[in-house]
Amino acid sequence: MARQPPSQQPSPASAQAIQQALGLHRQGRLFEAEGLYASVLARRPDHFEASYLLGVLKMQQGQPARALPLVEAAARIKPQSPEALTSLGAVLAALNRPTEALAAYDRLVKLRPGDADALYNRGVVLTNLGRHADALASYDQALAIRPDHVPPLFNKANTLAALGQYDRARATYDALLATAPNHVDALSDRGNVLAKLGRRAEALASFDRALAIQPTHVNALSNRGNVLKDAGRHEEALAMYDRALAVDPRHAASLGNRGNVLLELQRHEEAVATFDRALAPAPHDPELLFNRACALERLHRFADALADLDRSLAHRPDSAKALHNRGNILAYLGRAEEAAESYGRALALEPDRADTHHNRGNVLTTLHRHAQAIADYQRAFALDPHHPHAFDSLAFAQLSACNWAEAARLAEPAEAALLGGGLPVGPAYPLYYFGNAAYQLVAARAYLRANCAPARAPLPPRSGGRFDKLRIAYLSSDFRLHPVAAAIVELLERHDRSRFEILGVSFGRDDASAIRSRLVRTFDAFHDVAAQDDRTVAELLRRLDVHIAVDLNGLTRGWRPGVLAHRPAPIQVAYLGYPGTTGADFIDYILADQTVLPLDQQPFFAERIVHLPDCYHPNDTTRLLSGTPERRALGLPDGAFVFCCFNQSHKISAVSFDTWMRLLARVAGSVLWLSPMNDCAMDNLRRAAAARGIDPNRVIFATRLERIEDHLARHRQADLFLDTLPYNAHSTAIDALWAGLPVVTCAGSAFAGRVGASLLKAVGLSELTATDLEEYEALAAKLAADEPLRRSIRNRLEENRTGRPLFDTDRLRRHIEAAYATMWDIHARGENPRNFRVEALQ
């Protein structure tokens with residue numbers, strides 16, 4: 001209780017009543033004391049002691065609103081009373097009227113400049129007003145009078161921390177703890193400051209001291225969890241948050257950070273549940289809504305995530321990170337225009353955010369706005385040369401635009417990085433520009449380091465025991481309208497179900513396409529795991545007792561290397577999706593053939609090489625062709641010789657195009673028929689033709705067709721398919737050969753550049769494979785000039801479609817099954833994976 005004020009010479013009756021009330025007040029008999037104070041005020045409304053003491057009593061009862069008129073009256077009666085001003089400041093502060101409270105304390109300090117309590121209380125009010133520097137001065141004045149006074153020491157330390165003066169804050173906490181070593185709040189807050197200074201071990205020790213004194217101190221538990229979280233010790237952090245929540249189940253900071261840790265642990269369902277708990281008392285908290293949206297996005301619950309982001313932005317419209325993530329979700333949902341707009345809003349707030357420029361570049365690419373996309377990629381790379389994807393996206397965009405001069409300029413730093421580290425160079429340049437298997441291995445390993453954390457804990461042992469069938473699981477993000485799905489579907493349908501159980505594991509979205517439905521029907525069991533984290537998928541494969549896991553992605557978009565990094569299957573195989581090494585020590589084999597991957601390439605492959613006897617590439621021989629359209633309907637001139645290449649623009653290199661232009665110059669009236677491309681590529685190719693003395697109108701771009709049977713049929717109006725280098729046509733060449741169009745290729749030095757040779761060998765037309773570009777040009781010119789030779793090759797191709805291995809899917813199926821059986825036999829004998837060749841079966 002505050003000190004009793006001096007007497008104002010009351011009447012004997014009033015003085016007696018006040019003394020009696022004080023006695024009751026001190027005994028805690030507040031109701032009786034209140035009655036006596038009130039009786040005095042009823043007789044003497046201007047009685048100082050009665051007003052002042054009744055105001056003090058009302059504060060003790062937690063009724064500051066009822067105390068205010070009483071202490072205001074006391075301050076009016078005695079404007080110079082320190083006691084009245086002390087109470088008035090306290091009441092006004094309790095009523096959250098800090099400006100008026102500050103005025104009361106200013107009057108008090110003027111009366112009593114040496115009153116340490118008044119200076120301390122004034123500092124508290126200044127802190128609440130956000131005037132930290134003034135508050136700090138007031139605390140220092142209080143401490144000059146009482147250097148070891150704990151409350152101003154504590155508040156001074158907190159104020160210094162708020163001002164970012166962490167070293168001074170730490171020293172002040174230490175001074176406080178020298179006086180009060182068991183001050184739990186100081187120990188906890190000191191831990192926060194030490195964490196800010198990067199002194200994590202000392203921070204943890206400070207929290208431990210606090211928790212040794214008070215094991216249920218919620219802030220110490222929660223903040224210790226924060227330090228563990230920032231140190232990457234997520235499981236330990238989670239345990240701390242759980243301890244804090246056991247004490248206070250509604251502790252907002254612990255709930256929010258627990259959700260964030262669960263996100264880091266990829267326990268996304270639990271993260272959502274935790275954010276739900278945190279949002280229950282604060283449903284409009286923009287940060288919690290943002291974080292729950294992150295968890296929902298990772299669960300592929302995009303509509304829910306988008307709703308949360310929109311709610312978050314309604315309360316915090318200037319959140320660049322929320323607008324950025326909103327763009328990501330809209331992009332995934334295929335709403336590219338809206339995504340670009342959201343990224344634009346984010347960049348208006350944070351124009352130097354590299355990731356937003358990069359991701360906007362991606363959606364601008366899908367909108368065929370390639371010039372703008374390139375500008376965004378350039379900006380992203382300039383802002384952050386070590387961005388994990390900016391350089392690769394920029395390089396690929398320049399290749400896709402056929403901007404060869406810029407591609408060549410970028411090749412120099414790319415090659416330097418591949419030779420000695422530095423820039424994070426992805427797989428684009430090693431595949432599409434250099435065609436160098438050694439570079440591909442370097443890029444693959446770098447990709448894995450950036451995108452695949454090592455498995456944190458081993459999976460439980462397999463069940464073992466006997467089995468009737470080998471269980472083969474095919475893993476892919478491309479079980480949809482995609483070349484991989486189109487190529488492999490018939491092979492999957494033909495698998496021998498008496499010896500093999502065939503499972504599908506899908507990481508990608510369901511596009512509701514006909515090929516997706518056909519694939520789902522084909523598998524003995526189909527598992528859509530797009531919303532599950534890597535370890536959960538790995539545990540599923542282990543629970544299914546998969547013997548051989550076949551990855552159909554490799555280093556392509558949608559790959560989930562973290563799944564197989566957990567080693568869920570005893571044998572893990574790379575096949576089809578990526579013509580190069582994965583660089584992964586957890587992939588045992590790669591399925592190939594002797595042409596695309598001779599054994600002298602083994603030093604550049606992390607996997608052991610398995611040679612199938614014919615061509616490794618599967619085909620769907622159930623595809624039909626529609627009626628052949630007229631040339632005029634296709635934009636082709638009647639009577640002209642039509643060189644054709646339906647490869648995508650990023651595969652067209654400068655050297656290939658130079659060769660094609662020389663062919664157009666040699667073959668009078670001929671034209672070059674190319675696939676539909678982005679505007680930049682078409683403009684650049686027309687300019688390149690003109691620069692080489694060729695009329696740009698002789699370069700004709702096909703239109704986009706929806707139906708595959710129409711696309712296949714139009715091949716019949718071309719005369720010769722010209723392959724690209726260093727990356728050949730793969731599925732595109734198969735389309736041409738299936739439609740009866742001869743393909744001329746040049747064998748490169750790496751897998752991706754040798755597929756054309758493999759296809760032609762398997763269809764019995766190896767003479768159409770050149771060993772260098774000079775021979776390639778001469779061969780194409782000869783075929784263009786020799787119509788009988790060309791007709792004979794077309795006839796052989798038509799005959800060989802049914803008699804040669806390329807389009808014999810059942811033969812390929814038997815060879816791949818033999819490869820799987822050999823892999824299992826090697827494993828069953830306890831041997832390490834090794835290279836082997838599958839002998840041709842009849």
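What is the Cα coordinate range of the range 583-648 on the first, second and third principal axes, sorted by size from largest, in whole angstrom?
Per principal axis, max minus min of the Cα coordinates gives 53, 26, 22 Å.
Can you tell which of ALA691, LEU624, CYS644 lies farthest toward the positive end of the dipole of the range 615-704, using +1 and -1 charges on the Cβ of basic and acidic side chains (Lys, Arg; Asp, Glu)?
ALA691
Compute the Cα gyration tensor for the range 607-755, then decide on rounded, prolate or oblate, letting a ≥ b ≥ c be the square roots of its eigenvalues: rounded whenever a/c is under 1.5, prolate when a/b is larger than b/c in the other cases, and oblate in all that remain.
Oblate shape, in that a/c is at least 1.5 and b/c is the bigger or equal ratio.
Starting from the exponent 0.38 and prefactor 2.2 Å, build the expected Rg for the range 766-839 from its residue count and divide its actual Cα Rg by it.
Normalised Cα radius of gyration, the range 766-839: 1.75.
Using just the C-alpha positions of the range 476-555 as equal point scatterers, what log10 of I(q)/I(0) does the Debye formula give at each q in 0.13, 0.14, 0.24 1/Å?
Each listed q corresponds, in turn, to -0.38, -0.45, -1.31.
Two decimals, Cα atoms only, Kirkwood Rh: what is Rg/Rh over the range 526-592?
Ratio of gyration radius to Kirkwood radius for the range 526-592: 0.93.
Using only alpha carbon pairs under 8 Å that are at least six residues apart, calculate the relative contact order of the range 31-141 and give it in whole percent.
Across the range 31-141, relative contact order equals 16 percent.
Mind grabbing the accessible area of ASP533 for me, 1.4 Å probe, Å², rounded to tens?
30
Could you work out the relative contact order of the range 668-742, using alpha carbon pairs under 8 angstrom and six or more residues apart, expressed as a whole percent?
It rounds to 29 percent for the range 668-742.
Tally Lys and Arg at +1 and Asp and Glu at -1 over the other residues with C-beta under 11 Å from the C-beta of LEU153: what net charge comes out?
Value of the local net charge: -1.
Round to the nearest 10 and report in Å² the accessible area of THR365, as given by a 1.4 Å probe over the protein chains' heavy atoms.
Counting only protein heavy atoms, THR365 exposes about 50 Å² to solvent.
Under unit Cβ charges (Lys, Arg +1; Asp, Glu -1), what dipole magnitude, rounded to 20 debye, does the range 250-370 have relative to its Cα centre?
Dipole size: approximately 80 debye.
Compare the peptides 106-114, 35-43, 736-744, 753-761 by average per-residue count of other Cβ atoms within 10 angstrom and give them in order, highest first.
Most protected by this proxy first, the peptides run 753-761, 736-744, 35-43, 106-114.
For the range 620-660, what does the alpha-carbon gyration tensor say about shape, rounded, prolate or oblate, given a ≥ b ≥ c as the root eigenvalues, a/c under 1.5 as rounded, and a/b over b/c as prolate?
Oblate, since a/c reaches 1.5 and b/c is not below a/b.
Please compute the volume of the convex hull spanned by the alpha-carbon atoms of the range 10-70 and report it per residue in Å³.
64
Can I get the semi-axes of the range 249-324's equivalent ellipsoid? Compute them from the C-alpha gyration tensor as square roots of 5 times the eigenvalues, in angstrom, largest first.
18, 15, 10
Can you pull the percent of Cα pairs in the range 562-691 with separation above 25 Å?
When all Cα pairs of the range 562-691 are counted, 54 percent exceed 25 Å.
Over 31 Å between C-alpha atoms is what I'm after, so list which of LYS469/LYS651; LYS229/LYS321; LYS156/LYS229 land there.
LYS469/LYS651
Within the chain, what's the longest stretch lacking GluC sites (Glu not before Pro) that sit in DSSP loops with no more than 15 other Cβ atoms inside 10 Å?
Value returned for the longest uninterrupted segment is 1-629.
Can you give the translational diffusion coefficient of the range 625-693 in µm²/s, computed by Stokes-Einstein from the Kirkwood radius over Cα pairs at 37 °C and 0.692 mPa s?
248
Can you tell me how the range 395-554 classifies by the Cα gyration tensor, rounded, prolate or oblate, using a/c under 1.5 as the rounded cut?
Here the range 395-554 falls in the prolate category.
Per-residue accessible area for LYS229 at 1.4 Å probe radius, Å² rounded to 10?
50
Taking amide hydrogens as modeled 1.01 Å from N in the peptide plane, which residues meet the under 5 Å criterion relative to ARG608, leaving out close sequence neighbours?
Those lying under 5 Å, H to H, from ARG608 are TYR589, ILE590.
Just want the answer: with Cβ charges of +1 for Lys and Arg and -1 for Asp and Glu, which residue in ALA142, LEU111, ALA186 is farthest toward the dipole's positive end in the range 106-193?
With unit charges placed on the Cβ atoms, the residue in question is LEU111.
Select from PRO788, ASN219, PRO413 the residue farthest towards the positive end of the dipole of the chain; place +1 on Cβ of Lys and Arg, -1 on Cβ of Asp and Glu, and compute about the Cα centre.
ASN219
What does the charge count near PRO805 come to, summing +1 for each Lys or Arg and -1 for each Asp or Glu among other residues with Cβ under 12 Å from its Cβ?
Net local charge, PRO805 excluded: +2.
In square nanometres, what is one fourth of the surface area of the convex hull spanned by the alpha carbons of the chain?
Mean projected area of the Cα convex hull: 45.7 nm².
For the range 54-111, what number results from the quotient of the Cα radius of gyration and 2.2 N^0.38 Å?
0.99
Take the Cα gyration tensor of the range 63-185, multiply each eigenvalue by 5, square-root it, and list the three semi-axes largest first, rounded to whole angstrom.
Taking √(5λ) for each eigenvalue gives 28, 14, 13 Å, largest first.
If the viscosity is 1.567 mPa s and the temperature 4 °C, what Stokes-Einstein diffusion coefficient in µm²/s follows for the range 176-256 when Rh is the Kirkwood radius over Cα pairs?
105
Over all alpha-carbon pairs of the range 701-833, lay out the pair-distance distribution in 10 Å bins, whole %, shortest bin first.
12, 35, 31, 14, 7, 2
Determine the sum of side-chain charges near ALA729: Lys and Arg each +1, Asp and Glu each -1, restricted to other residues whose C-beta is under 14 angstrom from that of ALA729.
Around ALA729, the surrounding residues sum to 0.
Can you tell me the dipole magnitude for the chain around its Cα centre, using point charges on the Cβ only (Lys, Arg +1; Asp, Glu -1), in Debye to the nearest 20?
Once rounded to the nearest 20, the dipole reads 1520 debye.
The values are calculated or read from the model by the stated rules, or taken from the named source; none is laboratory data. Note that this is a predicted model, so its numbers are computed, not measured. A quick note on method: Cβ atoms are made from the backbone with ideal geometry, for glycine too, and the neighbour counts reach across all protein chains shown. The area values use the complete protein model at the heavy-atom level, side chains included, leaving out ligands, DNA and RNA. Shrake-Rupley method; radii C 1.70, N 1.55, O 1.52, S 1.80 Å.
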